[in-house]
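Please treat every number below as a calculation from the coordinates, not as lab data. Just so you know, these numbers come straight off a predicted model, no measurement behind them. Glycine gets a Cβ as well: all are built from the backbone with ideal geometry, and neighbour counts include every protein chain shown.
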Amino acid sequence: MNMKYYKAALVLFFVSLSYLTEAANDNGSLGASFIFGDSLVDAGNNNYLPTLSKANIRPNGIDFKASNGNPTGRYTNGRTIGDIIGEELGQPNYAVPFLAPNSTGKAILYGVNYASGGGGIMNATGRIFVNRVGMDIQVDYFNITRKQFDKLLGPSKARDYIMKKSIFSITIGANDFLNNYLLPVLSIGARISQSPDGFIDDMIDHLRIQLSRLYQMDARKFVIGNVGPIGCIPYQKTINQLNENECVDLANKLALQYNGRLKDLLKELNKKLPGSTFVHANVYDLVMELITNYKTYGFTTSSKACCGNGGQFAGIIPCGPTSSLCEDRSKHVFWDPYHPSEAANVIVAKQLLDGDKKYISPVNLRRLRDI
């Protein structure tokens, strides 16, 4: 081999190595952010699926600066809670969607997003959308990423980076009620044969296995969001013909029942899995606070979708090019019939980052990063 080319190749090798080492040793900021869940945190995975649940159409993403206001597959007008938390914890780039072509090489060192619109804890959840990635498959996908980290950093550094520098965030469960148990078309059999208790038992059993699998692949710092007040979203209010200050009682009761069991599960895992920290994010109370006291936070409505069509709350048809669009997106708690606006996401993220134990326990996310 020509000595000149050999030296150039050697220099290139060490430059690459120093980049990877720098990414793996950068103190005071988050290493990788691994995001699992549903459409609340999907950053574009569903763009690559033949599915009825997509958000890569205008005006979704209209306020997302990184894409100059073009849709990315995020189900909101701007950033998701996952995006905002990553930024605040010092990440230079957003976690890349696992199914995107660029989710290879050093891009994954800042994290990977596995979330999928319509996905749930249970494999049957979201069947109505034809395709979606449930939590079991999302964990399978992380297994692929985990092997890529070994190749990028070497097994020892990779293990360290994932255990000590990375946060695993899981936002899932709402679809298991909205697009499974409560959906008459799909669930009539399940609801006759299974009580709410039985269904929630199944959810918790599945989630326990999913979180334990991540732990076995060196995940140690977890934040798990509970299910929000799904009975108060514009879609539920519209189809049930409720007044502005009413919510669907059954949907919220199921969410609260599941949330109680989730809290117990996280306490159990904190005791059972050595070296782990499972943080409980009380999304239900946070979003309910915004919905109830929306004026205090500068919103003008917590009932009507900014982008949508149908009924008094624009809550039936998802956001798309023919939807009615509100004038001031920062004044709406909800962007579309299902999902919060970026303005609401910012308030929720702030509490998860720096809030007290009412909303995030046993530690907030800034403290979790530094453990």
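Translational diffusion coefficient of the stretch 218-371 at 10 °C, 1.306 mPa s, Stokes-Einstein with Kirkwood Rh over Cα pairs, in µm²/s as a whole number. Numbers along the way, then the final one.
Details: Rh = 16.5 Å.
Once the numbers are plugged in, D ends up at 96 µm²/s.
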Work out the charge dipole of the chain with +1 on the Cβ of Lys and Arg and -1 on the Cβ of Asp and Glu about the Cα centre, then indicate which of A174, Q210, P321 is farthest towards its positive end.
-> Q210
Can you give the extra length, in nm with one decimal, that the chain gains between T292 and D328 once fully stretched, where that is 0.36 nm per residue apart less the Cα-Cα distance?
-> 11.0 nm
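Please report, in whole Å³, the volume per residue of the convex hull around the C-alpha atoms of the chain. Walk me through the intermediate numbers first.
Details: hull volume 52.5 nm³, N = 371.
Cα convex hull per residue, to the nearest whole number: 142 Å³.
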Per-residue ³J(HN,Hα) for the stretch 270-275, Karplus 6.51 cos²θ - 1.76 cosθ + 1.60, θ = phi - 60°, Hz, x for Gly and Pro | 4, 7, 7, 10, x, x
Qualifying lysines (Cα of each under 25 Å from Cα of K271; at least 8 residues distant if same chain) = K164, K165, K221, K263, K357, K358
Please find, in a Gaussian network model of the chain (springs between Cα atoms separated by less than 10 Å), the residue of G117, G126, G298 whose mean-square fluctuation is greatest.
-> G298
Could you work out how far apart the two model spin labels at N68 and S29 are, taking each label as a point 7 Å from the Cα in the direction of the beta carbon, and quote it in nm?
-> 2.5
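How high is the FRET efficiency between R367 and R213 when r is their beta carbon distance and R₀ equals 35 Å, given to the nearest 0.05? Mind dumping the intermediate values first?
Working: r = 26 Å, r/R0 = 0.73.
E(calc), rounded to 0.05, equals 0.85.
Determine the dipole magnitude for the chain: charges of +1 sit on the beta-carbon of Lys and Arg, -1 on that of Asp and Glu, nothing else is charged, the reference point is the Cα centre, and the result goes in debye to the nearest 20. Numbers along the way, then the final one.
On the way: 39 positive and 32 negative charges, 213 e Å.
That gives a dipole near 1020 debye.
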If you rank D264, D176 by fewest surrounding Cβ atoms within 10 Å, what's the result?
-> D264, D176
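Under 11 Å from the Cβ of P59, count the other residues' Cβ atoms, weight Lys and Arg +1, Asp and Glu -1, and hand me the total.
Numbers: positive: R58, R329; negative: D63, D336.
Computed value for this residue: 0.
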Ranked output for segments 345-354, 150-159 by mean other Cβ atoms within 10 Å, highest leading, reads 345-354, 150-159
Spatially proximal aspartates and glutamates relative to K65 (Cα-Cα < 15 Å; intrachain offsets below 8 disregarded) | D83, E87, E342
Just for the chain, what percent of DSSP beta bridges are antiparallel, to the closest 5?
-> 25
